[in-house]
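S.K.: Provided herewith is a single structure, encoded as structure tokens, for subsequent inquiry.
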Amino acid sequence: MTIKMVATDIDGTILKYSGEFNPEVIECIKDLDKRGIKVVIVTGRMHQSAKKIADQLGLKNAVVSYQGALVKDNTPKQNTLYERYIPAQTAKKIIQWGHNENIHMNLYMNDKLYVEKDDDTTRKYTAHQNIPFTVANFDEIELDKVNKLLFIDYADADRVTLLTKKLQKDFPELFIVKSCENFCEVCHKEATKGDGLRCLQKLYGIPKEETLTIGDHNNDIDLLLAGGVKVAMGNGTEDLKKIADYVTDTIDNNGFVKAIEKFVLKEGTNV
């Protein structure tokens, strides 16, 4: 089967944790584009941040953001193709839960980032994402079209793991996932990366069997499962590697490029 679409995570997959791309990754993506193979970004980032990455890479295809809660085309109008929001009343309960746990929260509404404090955590996060933010009291702000809530603890990854499990138990009606060592993300139940990718497969008329999916963390499990060739990065989590068809090299060693060379450009897609 010929691969016609590559669906990739950003952070830890094509973008190094330092915020830089390896030149080989950029050239590989350009090569895929020239060959008519669609490269689509499927990320937990907010849309405006994800679009900057897509534009930096010269990609004109639709972008999946907020894990899968929002899919927009990459035209000047940025038409919305798919969207799922956290109900306002549920978002209020999550915010109160976060206050009780005394943990940093990011609130995303209408593709804007709100925080309650302009502190070191906020500055570190927004610097890496290259996005602006608004300071507001979450108990007083009118909640409308909540894309996502994100809990962050840069100092204690184990705490994030425990809080993620607790949240999943307390709010089974939502999609809750630990997306990296220090992040716990809360979205609508139908806002997984798999949901977003299936929207694009339908849009472009490309079946699962002709899609290669690649990622590095547990929020990429649904992404990989929506693909015909499932690739985990060498720096990926053990849970992700268990469901992958193939484990490639690490991001520092151009694992993305090596996977593309193996399954798209050279040896075909037999796994």
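The values are calculated or read from the model by the stated rules, or taken from the named source; none is laboratory data. Treat the numbers as computed from the prediction; the structure is a model and nothing was measured. Heads up, the Cβs are rebuilt from the backbone with ideal geometry, glycines too, and the neighbour counts pull from every protein chain shown. Ligands, DNA and RNA are stripped out before the accessible areas are found, and what is left, the full protein with its side chains, is counted by its heavy atoms. Shrake-Rupley method; radii C 1.70, N 1.55, O 1.52, S 1.80 Å.
S.K.: Which of the trypsin sites (Lys or Arg not before Pro) found in the stretch 189-271 are in a DSSP loop and have at most 14 neighbouring Cβ atoms, other than their own, within 10 Å?
M.R.: Of the trypsin sites (Lys or Arg not before Pro), the ones in loops of the stretch 189-271 whose Cβ has at most 14 other Cβ atoms within 10 Å are K189.
S.K.: Give the average over all directions of the projected area of the C-alpha convex hull of the stretch 1-93, one decimal, in nm².
M.R.: The Cα convex hull of the stretch 1-93, projected and averaged over all directions, gives 7.8 nm².
S.K.: May I ask for the longest run of the chain untouched by GluC sites (Glu not before Pro) that are loop-located per DSSP and have at most 11 neighbouring C-beta atoms (other than their own) within 10 Å?
M.R.: 21-139
S.K.: Leaving ligands, DNA and RNA out of it, report the carbon-plus-sulfur percent of the accessible area of the stretch 89-243 at a 1.4 Å probe.
M.R.: Of all accessible area on the stretch 89-243, carbon and sulfur atoms account for 46 percent.
S.K.: On to the next question. Hey, what's the per residue convex hull volume over the C-alpha atoms of the stretch 63-124, in cubic angstrom?
M.R.: Taking the convex hull of the Cα positions in the stretch 63-124, it is 111 Å³ per residue.
S.K.: Just to check, using Stokes-Einstein with a Kirkwood Rh over alpha carbon pairs, what's the diffusion coefficient of the stretch 151-215 at 25 °C and 0.890 mPa s in µm²/s?
M.R.: 182
S.K.: So how far apart, in nm, are the two label points at E181 and N110 if each is 7 Å from Cα heading toward Cβ?
M.R.: The two pseudo-label positions are separated by 3.7 nm.
S.K.: Continuing with this model, one more query. Can you list the trypsin sites (Lys or Arg not before Pro) in the stretch 39-138 that are in a DSSP coil and have 14 or fewer other beta carbons within 10 angstrom?
M.R.: Here the sparse-neighbourhood loop sites are K60, K77, K117.
S.K.: Provide, in order from the shortest bin, the percent of all Cα-Cα pairs of the stretch 1-49 in each 5 Å bin, continuing until the bin that contains the maximum pair distance.
M.R.: Reading the bins upward from 0: 5, 19, 25, 27, 17, 6, 1, 0.
S.K.: Still on this model: Counting pairs of Cα atoms in the stretch 67-199, how many percent are more than 20 Å apart?
M.R.: Here the long-distance tail beyond 20 Å is 45 percent of all Cα pairs in the stretch 67-199.
S.K.: Still on this structure, please answer the following. So how compact is the stretch 97-139: Cα radius of gyration and Dmax in angstrom?
M.R.: Considering the stretch 97-139 through its Cα atoms, Rg and Dmax are 10.3, 29 Å.
S.K.: Follow-up. Evaluate the Debye formula for the chain with equal point scatterers sitting on the alpha carbons, no solvent, and hand back log10 of I(q)/I(0) at q = 0.07, 0.13 Å⁻¹, in q order, two decimals.
M.R.: Taken in order of the listed q values, log10 I(q)/I(0) reads -0.23, -0.80.
S.K.: Give the average over all directions of the projected area of the C-alpha convex hull of the stretch 123-271, one decimal, in nm².
M.R.: Result: 11.1 nm².
S.K.: Which net charge results for the neighbourhood of D249, defined as the other residues with beta-carbon distances under 12 angstrom from its beta-carbon, given Lys and Arg at +1 and Asp and Glu at -1?
M.R.: After counting each charged neighbour, the total is -2.
S.K.: Still on this structure, I have one more. When ligands, DNA and RNA are left out and all protein chains stay put, how many square angstrom of accessible area per residue does the stretch 116-271 have with a 1.4 Å probe?
M.R.: Per residue, the stretch 116-271 has 46 Å² of solvent-accessible surface.
S.K.: Hey, another quick one. Name the lysines eligible as straight-distance cross-link partners of K30: C-alpha to C-alpha under 22 Å, and not fewer than 8 places from it in the same chain.
M.R.: K4, K16, K38, K51, K52, K60, K72, K230, K258, K262, K266
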